[in-house]
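Enquirer: If you scroll down you'll find the structure; I have some questions about it.
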Amino acid sequence: MVRHCKHKSVIITVLLLSFFFTVSCFAAEGIKERMKNRVPAINGLKAEGVIGENNKGYLEFRQNKEDQKQLVDDENDDRLKVYTAIAKQQGASPELVGSRRAIQIAEIAASGTWLQKADGSWYQK
């Protein structure tokens, strides 16, 4: 079990780093650093079932936890900036980039994370 968790942590770290590498142009704005700093708090909220990952690549509340609203809003705002920049590079829309990212997130999500299917229904991984 420990080996599996360690292996999964390495995979998640590599995927996050590759994602952050893609958005390296944002280093000056601090987006990468802000997103990295929010990871522990976001992972905690996911583990508690308070938030999940929707099918558009954004965090969404599954339970009412207003004291964490600013954290989720800040993360979603930064994700939008990243998706918009990637969309410009790829000649796509931010919505398409977000939905593609949602698929990646679902693949690497920890067990117990709430995820939204394309049809809008929710399931726990």
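The values are calculated or read from the model by the stated rules, or taken from the named source; none is laboratory data. Bear in mind the structure is a predicted one, so any value in this text is a computation, not a measurement. Please note: Cβ atoms are built from the backbone with ideal geometry, for glycine as well, and neighbour counts cover all protein chains shown.
Enquirer: Exactly one condition in (1) buried (at least 20 other Cβ atoms within 10 Å of the Cβ); (2) under 18 Å from W114 (Cα atoms); (3) in contact (Cβ under 8 Å) with a residue 40 or more places away in the chain is not met by V82; state its number.
Expert: (2)
Enquirer: Still on this structure, I have one more. For residues that are in a loop (DSSP other than H, G, I, E, B) and in contact with an Asp or Glu (Cβ under 7 Å, 6 or more places away or on another chain), scanning just segment 71-121, find the one that is nearest to V50 (Cα to Cα). Don't jump to the end; show me each part of the working.
Expert: Of the residues in segment 71-121, the ones in a loop (DSSP other than H, G, I, E, B) are 91-93, 109-113, 117-121.
Now narrow it down to the ones that are in contact with an Asp or Glu (Cβ under 7 Å, 6 or more places away or on another chain): 109, 113.
On the way: A109: 15, T113: 10 Å.
Per the criteria, the residue is T113.
Enquirer: Still on this structure: For the list (1) surrounded by 12 or more Cβ atoms within 10 Å (Cβ to Cβ); (2) touching a residue at least 60 places away in the same chain (Cβ under 8 Å), I need the number of the one condition that R100 fails.
Expert: (2)
Enquirer: Before we move on, is K32 among the basic types (K, R) and free of Cβ contacts under 8 Å to residues at least 24 places away in the same chain?
Expert: Details: among the basic types (K, R): yes; free of Cβ contacts under 8 Å to residues at least 24 places away in the same chain: yes.
Yes; evaluated as a whole, the condition is true for this residue.
Enquirer: Still on this model: Every residue in segment 47-105 that is hydroxyl-bearing (S, T, Y), touching a Gly at 6+ places or on another chain (Cβ under 7 Å) and more than 18 Å from M35 (Cα to Cα), please.
Expert: Hit for segment 47-105 is S99, nothing else.
Enquirer: Moving on. Picking from K36, K56, which residue would you name as being outside any helix (DSSP H, G or I) and charged (D, E, K, R)?
Expert: Within the list K36, K56, the selection yields K56.
Enquirer: Quick one: would you say R34 is modelled with pLDDT under 95 and on the phi < 0 side of the Ramachandran plot?
Expert: Spelling it out, R34 is indeed modelled with pLDDT under 95 and on the phi < 0 side of the Ramachandran plot.
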